[in-house]
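A short worksheet on the structure shown next.
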Amino acid sequence: MPSYRDLLQQVKSEITEVDAPRASELRDHVLVDVREQDEWEEGHIPGAVHIPRGFLESRIETAAPDKAQPVLVYCAGGSRSAFAAKTLEELGYENVSSLAGGFTDWKRSGFPTQLPQTLGPEQRSRYSRHLLIPEVGIEGQLKLLQSRVLLIGAGGLGSPASLYLAAAGVGTLGIVDDDRVDASNLQRQIAHSTEALGDWKADSAKRTIEALNPDVDVVTYKERLTSENVDRILADGWDVILDGADNFPTRYLVNDASVWHDIPVVHGSIYRFEGQVTVFKPQDGPCYRCLFPQPPPPELAPSCAEGGVLGVLPGIVGSLQTNETIKLLLGIGEPLVGRLLLFDALETEFSEVKLRRDPACPVCGEHPTITEYVDYVEFCSGSKSDTVRPTHA
Ligand SMILES: [Zn+2]
């Protein structure tokens, strides 16, 4: 019986080996890394396809369907790849070579290596229920980890939204909120605790999020969103804006800025037992102004502070907003673009209203008449409004 060393030597004598400098010049070869997952995760040769040795026979045809195409296989030191090369020859591959000295020699010789984009063991465990869903999987989870969502407000809607986005592994969350935690917030704003009373909501939410998921970076903006700061904040780069604002000036400002910056807005609003959710995707569907060219007079648009709200309602609406946000980030499902979802908590009833883009919209229409930020507080003060279209603060 030959020993392993004898067998390896025999196999090596039967195959073609190339050293790292020669391998670095091969451009037309399919490069196959036959090492194990943990070795691959620590770095590989750029452009390589990863097929662990145990899956070589079953997966090679996907990577190299044409057996006349030259293949270069490598492992860590050149032994496993020698056996792999032999196997590929037996499978009919006509031009196979093995990298002598393997990845170790390649790296030592100073040739480029690449770290694969993948999840670490802790992330695999944390996001395992996402990884099981084909529509998410590793690719989708990596996408979420690289995503950036800006939350307008860390209050009733922003609280559940920020927690679920953080739990889902959305890598960067921006929080714009100039308010401090008040005792009357705690009935619904679940990102904050009794301990946080008096603290900035942005700071309190950041602490809660970081305790929940250390993968998430939280960027806080302890300021009220205004015409003066909106461009600076949006310039930090956001994939989606989740609007949890409780006032009309901010809503109109967020709308105009999002159209001009081309960022989709997931809108939510609540009042007593009623909630609304929709997605404003610039150029793809209506914007907020298509629906409400004029704000309602203040006396017809009471805020939660004035009219009250059932504490769990923002939990439901904020969660629906989070669902829409995650769908937009992953590019899956049918987002609520051009659809206004209404929820009645007393009846436990959902209904939907179709929304159309207004070609005459002053901001996103064919001939926009508003092309720069206005005084949103004055615009919403009621002095200029002539159309009454009720909505909920
Ligand atoms: Zn519009």
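The values are calculated or read from the model by the stated rules, or taken from the named source; none is laboratory data. No experiment lies behind these values; they were computed from the predicted model shown. Neighbour counts run over all protein chains shown; Cβ positions are idealised from the backbone, glycine included. Note: areas computed on protein heavy atoms with side chains; ligands, DNA, RNA excluded. Shrake-Rupley method; radii C 1.70, N 1.55, O 1.52, S 1.80 Å.
Cβ-Cβ distance below 9 Å, separation of 6 or more or different chains: which pairs start in segment 190-208 with a residue that is over 17 Å from G244 (Cα atoms) and end on one that is of a type in the set (D, E) and in a loop (DSSP other than H, G, I, E, B)?
L197/D182; G198/D182; R207/D199
So which pairs qualify, if the first residue must be in segment 105-133 and over 24 Å from D33 (Cβ atoms), the second must be part of a loop (DSSP other than H, G, I, E, B) and not polar (S, T, N, Q), the Cβ gap must be under 6 Å, and the two must be at least 6 apart or on different chains?
Pairs that qualify, where the first residue is over 24 Å from D33 (Cβ atoms) and the partner is part of a loop (DSSP other than H, G, I, E, B) and not polar (S, T, N, Q), are Y127/G169; H130/V136.
Return the pairs, sorted by first residue and then second, in which the second residue is within 6 Å of the ligand (Cβ to nearest atom) and modelled with pLDDT under 95, the first residue lies in segment 351-370 and is within 13 Å of F292 (Cβ to Cβ), the beta carbons are less than 9 Å apart, and the residues are 6+ apart or on different chains.
Once the first residue is within 13 Å of F292 (Cβ to Cβ) and sits in segment 351-370, no partner that is within 6 Å of the ligand (Cβ to nearest atom) and modelled with pLDDT under 95 comes close enough.
Just the residues that are hydrophobic (A, V, I, L, M, F, W, C) and more than 13 Å from the chain's Cα centre (by Cα), please, taken from segment 168-183.
I175, V176, V181, A183
Scan the helices (runs of 4 or more DSSP H) fully inside segment 212-316 and keep the ones with 2 or more residues being under 16 Å from V377 (Cα atoms).
248-261
So that you can scan it fast, the table gives a plain yes or no per residue for (1) touching a His at 6+ places or on another chain (Cβ under 7 Å); (2) assigned to a loop (DSSP other than H, G, I, E, B); (3) open to solvent by 10 Å² or more (accessible area, probe 1.4 Å):
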{"site": "W106", "(1), (2), (3)": "no, no, yes"}
{"site": "F111", "(1), (2), (3)": "no, yes, yes"}
{"site": "L142", "(1), (2), (3)": "no, no, yes"}
{"site": "A191", "(1), (2), (3)": "no, yes, no"}
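Report, ordered by the first and then the second residue, all pairs with beta carbons closer than 7 Å, sequence separation of six or more or different chains, a first member in segment 246-271 that is within 22 Å of S159 (Cβ to Cβ), and a second member that is open to solvent by 20 Å² or more (accessible area, probe 1.4 Å) and among the basic types (K, R).
Note: pairs meeting the criteria are P264/K281.
Only residues that are under 28 Å from the mean Cα position of the chain (by Cα), within 21 Å of S269 (Cβ to Cβ) and not basic (K, R): list them for segment 187-197, please.
Q189, I190, A191, H192
What is the one condition in (1) small (G, A, S); (2) away from the ligand (no atom under 16 Å from the Cβ); (3) surrounded by fewer than 20 Cβ atoms within 10 Å (Cβ to Cβ) that G338 does not satisfy?
Result: G338 fails condition (2) only.
Only one of these is in contact (Cβ under 8 Å) with a residue 40 or more places away in the chain, surrounded by 19 or more Cβ atoms within 10 Å (Cβ to Cβ) and in a helix (DSSP H, G or I): L173, L165. Name it.
Sole residue among the options that is in contact (Cβ under 8 Å) with a residue 40 or more places away in the chain, surrounded by 19 or more Cβ atoms within 10 Å (Cβ to Cβ) and in a helix (DSSP H, G or I): L165.
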